[in-house]
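**Q** Before I ask anything, here is the structure I am working with.
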Amino acid sequence: MKREIVIAGFGGQGVLSMGKTLAYAGLLQGKEVTWMPAYGPEQRGGTANVTVIVSDDPISSPLLQKYDIVVVLNQPSMDKFESKVKPGGVLIYDPNGMTRRPERKDIRVFEVPATKTAEEAGQQKVFNMFVLGGLLKIDQVVENDFVMLGLKKSLPERHHNLLPANEAALIKGGEIVKEIK
Amino acid sequence: MTREEIIKPENLVYGKTKVLTDNIMHYCPGCSHGVIHKIIAEVIEEMGIQDQTVGVAPVGCSVFAYNYIDVDFQEAAHGRAPALATAIKRLMPDKYVFTYQGDGDLAAIGTAETVHACNRGENIVIFFVNNGIYGMTGGQMAPTTLEGMKTATCPYGRNTDLYGFPLRISELLERVDGTCYITRQSVHKVANILKAKKAIRKAFENSMAGKGTSVIEFVSACNTGWKMNPIKANEWMEEHMFAKYPLGDIKDTEKKHYVENNINAR
Amino acid sequence: MEEARLMKGNEAFAHAAIRCGADGYFGYPITPQSEVMETLQVLKPWETTGMVVLQAESEVSAINMVYAGASCGKMVLTSSSSPGVSLKQEGVSYIAAGELPCLILNCMRGGPGLGTIQPSQADYFQSVKGGGHGDYHMIVLAPCSVQEMADFPSLAFELAFKYRNPVLMLTDGVVGQMMEKVVLPEPKPRRTMEEIVKQCPWATTGRMGRGSSNVMTTLELVPEKMEDRNTLLQEKYRLIEENEVRVEEYHLDDAEYAMVAFGSTARICKSACEMLRAEGIKVGVLRPITLFPFPKKQISDLAKKVKGFLTVEMSAGQMVEDVRLNVNGAKPVAFYGRQGGMIPSAEEIAESFKAQLLKK
């Protein structure tokens, strides 16, 4: 098993940390992982993105041209990455603020209304966990249990009260994601 | 009386400190470096710290200071001595660490290292020999060169419109909060030498007491660079250098009046 | 056994520096390696191992602090990125001249000038051919993974003290910024002062009852003596070339063609190699782990076996000159590179390979 994933959005949407959560869960599940950010000042403003690879075998290049799964959380990211989904691959997007829907017909497209759901639930802080829940529902790259174990291990003890909200968002994300035909 | 009879311990009136090596100094006759080396070495012997001291030599006339002062020494790149001293002291806090630098080394190319070592309050001693000129390279203009003074690179006299003003680095370092003791001394007369020795000892003691950075500026003559004989050079120094670089303590955080005056001044 | 962790190359390097028993780190912030000092400051090793961590006023000052620390026989290091490493070159020349052991990390970014903060490998010449003034070499290690960022500091100090020579870890923004699984090395205690004096009788530790003074200087005005010093340095470099070459071979056993690349580029070449093998083209990758000493023999031996080479770098082509020197005209040596912070993709490399070596 090998999954090549890119997650892209505005800086501040938790793109990098979502990638890290995914990679750490993979590591705990005994897989090889890489997490490669597009680093620099763009992290603070425009688009941020991170490439995550989860694999059973050692990973050669941590940088990719085409991806199995593309997650886009804003329009510029959609514009940049839609063409980079491998044929037959998966594109996941949050419709919030999108002015254009994906056009590709040779890929599977999913919508995860994470912004809206998070706002309604008053859970904006764990926005990216709704997205991750959606992703893992479509393709169980890592198991949810390992995502939660990773969060538990990486969050300082004083923040462990946030774990239930994260877990709820992870599950809810799986419920709100739907395929667009 | 034979020669052997004269050379007896009870007849001894002067002895060279053992912290000075027997190497013949390369300094010009009349230069202040020899005297400054000697009194630093004497203080090191008197304090009994020869085995616990590490010196840092500069680039300039005193580049070979390590050939004369018999302690462990590091030779720095031009201007970087305070950076070296910082690392030595941080890594070996139980050692006495000093730099020995000229005005080109400390006040021109090494200004950043000087200011920042002082600002961090590194527990080191900086010996700063100011003769207003680059001696080793043949008498070029230094930041400390006096207005109107002729050097190889300002042969018609230092024009402050073009080259700025004589830099009073000790006064500048006085404003830096990490320094605890800044004094300006000379070694052209016995009374001055005795005062300078006291200052050296105080500076070394400050460094081990963790009080911050001590800077001793020695206003010095460079009779070769100034193109004078040694006697004339000392006279010229008293008349011109001391006017711009007056002798005396500039900062001593131990002294109550300094602290009060300093606060009032601000 | 340490548990596997997920961290950036820069973070792993900082952890490893503490764990290999380093005495001091002196640095100055610059992207993309600032996490090194940030991590050290968070870990506060001065409270545990006694390691000193100091943010200097400049890269110039930091490398001179390293020179001084190394002169005391201490295990000291610094890290920077290309423009900052350029500033350090004077100090590196002094450190090489003084035969001082230390570790320098260059997390390369694209130049020349202020350039970009994105990854590059265009400091190869600076790293292996000099950089500062005079005839000298650093030992240059090129890690390609976060695990190697954790493993190499210990190796680097081992080599640095064995040969009394500065060691450079030459990496780039990809390896520095990337997170991967890493198992940190077991912590080693810092050496005691007695151990340092025994290991480094030349160190300027203060005389400590030695009876004579140690002087660390690189100044020697008598040319005959200075030539002798140079000759000794060159003899040492030959010894290093004989004994310390390290490479990784990937699918070279049955290879008809070889790619040569170091660091992160070598990993991308592996992916390109996998793509080409899927098409039935037998390609392997030779990854020099040491750039100085350069794997001269490995390259010349390979030239007897394969039909051609492709060297891939994030530069206009620097290491390729050393590959060509050692292939010595026996086989074609092609080059593919991206510059200015651009990273070659595996697809591009595979295409370039086919176009240049298979004329397809």
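Every number in this text was worked out from the coordinates using simple rules, so none of it is lab data. Nothing here was measured: the structure is a model prediction, and the numbers come from that model. Reconstructed Cβ throughout: ideal geometry from the backbone, glycine too, with neighbour counts over all protein chains shown.
**Q** Considering only B:245, B:66, B:14, give the residue with the highest GNM mean-square fluctuation for chain B, with springs between Cα atoms whenever their separation is below 10 Å.
**A** Among B:245, B:66, B:14, the largest mean-square fluctuation in the Gaussian network model of chain B belongs to B:14.
**Q** Against the longest principal axis of chain C, how steep is helix C:346-357, in degrees 0 to 90 to the nearest 10, with axes from Cα atoms?
**A** 60
**Q** I'd like the projected area of region B:1-143, averaged over all directions, using the convex hull of its alpha carbons. Report it in nm² with one decimal. Kindly include the intermediate steps, with their values, before the conclusion.
**A** Values: hull surface 40.3 nm².
Computing the convex hull of the Cα atoms and averaging its projections yields 10.1 nm².
**Q** To the nearest Å, what is the center-to-center distance of region C:73-104 and region C:198-222, using C-alpha atoms only?
**A** 20
**Q** For chain B, modelled as a GNM with alpha-carbon contacts under 10 angstrom, which of B:67, B:11, B:23 fluctuates the most?
**A** Among B:67, B:11, B:23, the largest GNM mean-square fluctuation belongs to B:11.
**Q** Please give the FRET efficiency for residue B:21 paired with residue C:359, using the beta carbon to beta carbon distance and R0 = 56 Å, rounded to the nearest 0.05.
**A** Numbers: r = 72 Å, r/R0 = 1.29.
My answer for the efficiency is 0.20.
**Q** At 20 °C and a viscosity of 1.002 mPa s, what translational diffusion coefficient does Stokes-Einstein give for region C:120-274, taking Rh as the Kirkwood radius over Cα pairs? Give it in µm²/s as a whole number.
**A** On the way: Rh = 18.9 Å.
Value of D from the Cα-based Kirkwood radius: 113 µm²/s.
**Q** Kindly identify region B:125-266 as rounded, prolate or oblate by the Cα gyration tensor criterion: order the square roots of the eigenvalues as a ≥ b ≥ c, call it rounded if a/c is under 1.5, otherwise compare a/b with b/c, prolate if a/b is larger, else oblate.
**A** On the way: a/c = 2.26, a/b = 1.63, b/c = 1.39.
Because a/c hits 1.5 or more and a/b exceeds b/c, region B:125-266 counts as prolate.
**Q** What translational D, rounded to a whole number of µm²/s, comes out for chain C from Stokes-Einstein when the hydrodynamic radius is the Kirkwood one over Cα pairs, at 4 °C and 1.567 mPa s? Let's see the in-between values first.
**A** Values: Rh = 21.0 Å.
Translational D for this selection: 62 µm²/s.
**Q** Given the options B:219, B:13, B:190, which has the most mean-square fluctuation in a GNM of chain B, springs set between C-alpha atoms less than 10 angstrom apart?
**A** Top of the fluctuation ranking is B:13.
**Q** Rounded, prolate or oblate: which fits region C:1-89, taking a ≥ b ≥ c as square roots of the Cα gyration tensor eigenvalues, rounded meaning a/c under 1.5, else prolate when a/b beats b/c? Please report the intermediate quantities before stating the final value.
**A** Working: a/c = 2.06, a/b = 1.27, b/c = 1.62.
Note, shape of region C:1-89 comes out oblate.
**Q** Can you tell me which of B:84-93, C:245-254, A:91-100 comes out highest on packing, and rank the rest after it, using the mean Cβ neighbours within 10 Å? Don't jump to the answer; show the numbers that get you there.
**A** On the way: B:84-93: 26.5, C:245-254: 15.6, A:91-100: 17.4.
Listed from highest to lowest mean packing, they are B:84-93, A:91-100, C:245-254.
**Q** Identify all aspartates and glutamates with a Cα-Cα distance to residue C:360 below 20 Å; exclude those on the same chain that are fewer than 8 residues away in sequence.
**A** Within reach: C:256, C:274, C:279, C:347, C:348, C:351.
**Q** Another one. With a Förster radius of 45 Å, plug the Cβ-Cβ distance of residue C:38 and residue C:164 into 1/(1 + (r/R0)^6) and report the FRET value to the nearest 0.05. Can you show the working numbers first?
**A** Numbers: r = 31 Å, r/R0 = 0.69.
Approximately 0.90, to the nearest 0.05.
**Q** Rounded to whole Å, give me the distance from the Cα center of region C:139-186 to that of region B:31-52.
**A** 44
**Q** In angstroms, what radius of gyration and Dmax does region C:248-357 have, counting Cα atoms only?
**A** Using the Cα atoms of region C:248-357, the pair Rg, Dmax is 12.3, 35 Å.
**Q** Right, next: In this model, which of B:150/C:129; A:2/C:282; A:66/C:181; C:8/C:236 are farther than 32 Å apart at the alpha-carbon?
**A** Correct reply: B:150/C:129; C:8/C:236.
**Q** Past the 13 angstrom mark, what percentage of all C-alpha to C-alpha distances in region C:202-243 do you count?
**A** On the way: 568 of 861 pairs.
Above the 13 Å cut-off, region C:202-243 has 66 percent of its Cα pairs.
**Q** In region B:105-200, which chymotrypsin sites (Phe, Trp or Tyr not before Pro) fall in coil by DSSP and have 16 or fewer other Cβ atoms within 10 Å?
**A** Numbers: sites: B:127, B:128, B:134, B:156, B:163, B:181; in loops: B:156.
Within region B:105-200, the qualifying chymotrypsin sites (Phe, Trp or Tyr not before Pro) (loop, at most 16 other Cβ atoms within 10 Å) are B:156.
**Q** Here is a further query. Over the alpha carbons of region C:46-186, what is the largest minus smallest coordinate on each principal axis, giving the biggest first in Å?
**A** Here the Cα extents, ordered largest to smallest, are 38, 36, 29 Å.
**Q** Tell me, what is a quarter of the convex hull surface for the C-alpha atoms of the protein assembly as shown, in nm² with one decimal? Please list the in-between numbers first.
**A** Working: hull surface 174.4 nm².
With the hull built on Cα positions only, its mean projection is 43.6 nm².
**Q** Pairs B:95/B:244; B:202/C:44; C:44/C:74; B:16/C:225: which are spaced more than 29 Å apart, C-alpha to C-alpha? Provide the component values of the computation, followed by the final result.
**A** Numbers: B:95/B:244 35 Å; B:202/C:44 33 Å; C:44/C:74 19 Å; B:16/C:225 31 Å.
The pairs that break the limit, which is 29 Å between Cα atoms, are B:95/B:244; B:202/C:44; B:16/C:225.
**Q** Compute the signed sum of charges (Lys and Arg +1, Asp and Glu -1) over the other residues within less than 11 Å, Cβ to Cβ, of residue B:209.
**A** Every neighbour counted, the sum reads 0.
**Q** Could you give me the ³J(HN,Hα) list for region C:28-33, computed from phi with Karplus coefficients 6.51, -1.76, 1.60 and θ = phi - 60°, whole Hz, x at Gly and Pro?
**A** After applying 6.51 cos²θ - 1.76 cosθ + 1.60, I find 8, x, 7, 6, x, 10 Hz.
**Q** Based on alpha-carbon atoms only, what is the radius of gyration of region B:26-265 relative to the globular estimate 2.2 N^0.38 Å?
**A** On the way: Rg = 16.7 Å, N = 240, 2.2 N^0.38 = 17.7 Å.
In units of the 2.2 N^0.38 Å rule of thumb, it is 0.95.
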